[in-house]
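The values are calculated or read from the model by the stated rules, or taken from the named source; none is laboratory data. Worth saying up front: this structure is predicted, and the values here are computed from it rather than measured. Heads up, the Cβs are rebuilt from the backbone with ideal geometry, glycines too, and the neighbour counts pull from every protein chain shown.
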Amino acid sequence: MSQSSTEFKGHPVRETSYKGRRIRYVAGQLFVKLKAPYRENNESRILKFLPEDASIQQPPNKLGWVVVDLPEDVDVIEIISRLKDHKEVESAEPYLLESAL
Amino acid sequence: MSPTSLAATATQERDEARTFQGRKLRRTKWKGVEVEVVEGLLAYRYKQKKELETGFASNAIGAQALRSGKLNALGIGILDFGESLAEERAFAASEILGPDVLWAEPVMLDYGFATPNDQFFSQQWALKEIKAESAWDLWKGASEKVILAILDSGIPLQNKKLSHTDLGDAKRFHLGHDFINNHDDPTDDHGHGTHVAGIAAAQVDNQVGVAGLAWNTQVLVIKVFNTNLDGSNEVFMNGVLSAIEYAKKSRKHLIINYSGGGPPGDLKHDAVKQAHDSGALMVAAAGNDYGCSIRHPAAYSTEFDSVIAVGAVNRNRERADFSNRGPEMTVVAPGVDILSTMPDYYVTANASGKQTKYDRWEGTSMATPFVAALAALIWSKSPGMTAAQVCRRLTDTADKVTGDTEEVGSGIINARKALE
């Protein structure tokens with residue numbers, strides 16, 4: 001129907017295996033959600049689990065998720081696996097791409 | 001007796017006070033069947049051609065025949081009582097007309113199928129297959145109760161104005177956010193979203209183009225796919241939250257049409273749960289991977305009873321070879337050779353041979369808006385229903401088709417049965 005994007009919203013798109021599936025994801029971005037209750041300093045709490053060059057552009061959305069920006073060469077899958085072991089983190093996952101059908 | 005032998009043919013009128021040839025219509029039961037009768041008229045037929053006279057039966061049924069029409073070629077006549085005859089009085093008339101009368105009955109309305117005058121309607125095989133015409137005789141939808149949010153690649157806009165003749169009614173098509181480019185101009189730069197929107201809601205009976213299934217339904221357009229038809233877990237979530245917010249503000253039931261899909265994930269699951277908890281119905285495409293497992297969010301249908309996974313069938317009611325399969329499959333709808341709207345300007349899809357304005361497409365993406373549109377008709381007819389009840393209505397009234405439940409779910413949707 002259409003060619004897949006090599007970039008999405010200005011970020012490069014990569015492919016890898018994740019949870020037994022072949023996925024396309026945006027390099028240099030991931031999603032994190034902390035366990036409730038949410039607090040005003042959620043961003044700083046999340047950042048302390050992440051590399052120094054990580055940043056968060058916006059506060060958590062209504063469902064508690066934040067987008068974390070990282071350098072594009074950082075292995076987000078490896079960071080996600082580390083974050084998931086942390087007791088305060090409810091979930092972390094890549095910026096997953098999908099398509100119209 | 002022939003209950004419809006003298007029934008008048010009429011098309012459904014949109015006014016609330018319905019009339020036929022200047023006479024009021026009234027709903028009643030005749031021989032246990034709910035019918036619409038023309039007030040004051042009684043049809044009769046004698047064994048031999050014989051006209052009843054004006055004034056006949058006045059004592060017997062408590063009404064006076066003001067006028068007696070000439071018998072037609074079949075020997076059928078009409079008595080005009082000038083007032084409504086309740087069911088029991090009409091029955092009484094059939095009794096008292098004597099042994100020479102074959103039958104007598106109220107003049108009942110037949111309904112012509114609501115065949116729209118859209119230019120390409122005859123090529124829209126899918127609408128016939130799901131019994132849309134006879135369904136429209138029952139109900140054409142209403143604008144007050146339901147909003148159908150189409151999360152896709154957008155809608156035709158030029159200079160920020162709806163530009164397609166069939167998708168141009170600003171009172172019906174509401175412009176939501178573009179979560180790809182982060183602004184409020186969801187212009188379709190691919191064509192997929194325009195095709196999906198046309199299937200669900202193209203303007204009907206406007207003499208041009210195609211007819212959409214959800215005749216009078218309000219549509220909210222939210223852009224979540226880019227020019228290459230890529231979306232993401234993030235834009236899906238944002239699109240869903242935005243649709244929920246819009247529906248809440250406008251106090252309407254929300255149906256989300258998502259003709260897309262991908263891998264499962266916590267973010268997407270959270271968004272679907274939020275939609276479910278808010279009372280919304282989500283209709284999503286199963287996927288076009290030739291029998292592979294059903295994509296998400298459609299595959300959440302086994303966890304949430306407000307999620308519908310839609311597969312595709314062809315003209316022969318067979319599963320389309322590309323349609324995915326799995327225990328999450330809910331229903332199927334036509335998804336092959338589907339004629340619908342395309343943008344009235346050049347978009348990405350034109351580079352792969354698609355025409356401007358109208359063209360055919362295939363995919364579970366195309367099957368999905370038929371189901372979402374029918375859900376909109378059902379919900380607007382019965383606004384007291386929950387999303388799960390609308391879903392159950394769709395599955396309970398679907399027609400069985402060849403294939404196991406993992407391929408075709410409960411079968412192909414039947415709009416007529418769903419609206420009866």
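The residues on offer are B:ALA298, B:ALA211, and the sole one that is closer than 30 Å to A:PRO12 by Cβ, in the same structural domain as B:GLU406 (by TED's automatic domain parsing) and at pLDDT 95 or above is B:ALA298. Would you confirm whether any residue within region B:148-158 is of a type outside the set (Asp, Glu), outside the structural domain of B:ASP230 (by TED's automatic domain parsing), under 26 Å from B:GLY363 (Cα atoms) and in contact (Cβ under 8 Å) with a residue 24 or more places away in the chain? No - not one qualifying residue is present in region B:148-158. When region B:249-294 is filtered for residues that are buried (at least 18 other Cβ atoms within 10 Å of the Cβ) and part of a helix (DSSP H, G or I), the ones remaining, listed by number, are B:LEU267, B:LYS268, B:HIS269, B:ASP270, B:ALA271, B:VAL272, B:ALA275, B:HIS276.
For region A:39-60, filtered to residues that are aliphatic (A, V, I, L, M) and in a loop (DSSP other than H, G, I, E, B), the residue that is modelled with the highest pLDDT is A:ALA54.
The listed residues are B:GLY198, B:GLY168, and the only one of them that is assigned by TED's automatic domain parsing to the domain that holds B:ALA126 and surrounded by 24 or more Cβ atoms within 10 Å (Cβ to Cβ) turns out to be B:GLY198. Screening the candidates B:TYR300, B:TYR246 for the property of being under 24 Å from the mean Cα position of the chain (by Cα), away from chain A (no Cβ under 12 Å), crowded, with 17+ Cβ neighbours inside 10 Å and not in a strand (DSSP E or B) yields one hit, B:TYR246.
Within region B:327-382, take every residue that is on the phi > 0 side of the Ramachandran plot and surrounded by fewer than 23 Cβ atoms within 10 Å (Cβ to Cβ) and give me the one that is farthest from the other protein chains (Cβ to nearest Cβ). The qualifying residue farthest from the other protein chains (Cβ to nearest Cβ) is B:LYS357. Residue-level check: of (1) within 12 Å of chain B (Cβ to nearest Cβ); (2) charged (D, E, K, R); (3) within 28 Å of B:SER259 (Cβ to Cβ), A:ARG14 misses just (1).
Residues are listed down the side, and each one gets a yes or a no for (1) assigned to a strand (DSSP E or B); (2) under 11 Å from the mean Cα position of the chain (by Cα); (3) within 11 Å of chain B (Cβ to nearest Cβ); (4) surrounded by fewer than 18 Cβ atoms within 10 Å (Cβ to Cβ):
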residue: A:ARG24; (1), (2), (3), (4): yes, no, yes, no
residue: A:LYS33; (1), (2), (3), (4): yes, yes, yes, no
residue: A:PRO37; (1), (2), (3), (4): no, no, no, yes
residue: A:LYS62; (1), (2), (3), (4): no, no, yes, yes
residue: A:HIS86; (1), (2), (3), (4): no, no, no, yes
residue: A:SER91; (1), (2), (3), (4): yes, yes, yes, no
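Inside region B:227-241, can you point out the residues that are part of a loop (DSSP other than H, G, I, E, B) and either more than 10 Å from chain A (Cβ to nearest Cβ) or over 22 Å from B:LYS161 (Cβ atoms) (or both)? Within region B:227-241, B:ASN228, B:LEU229 qualify.
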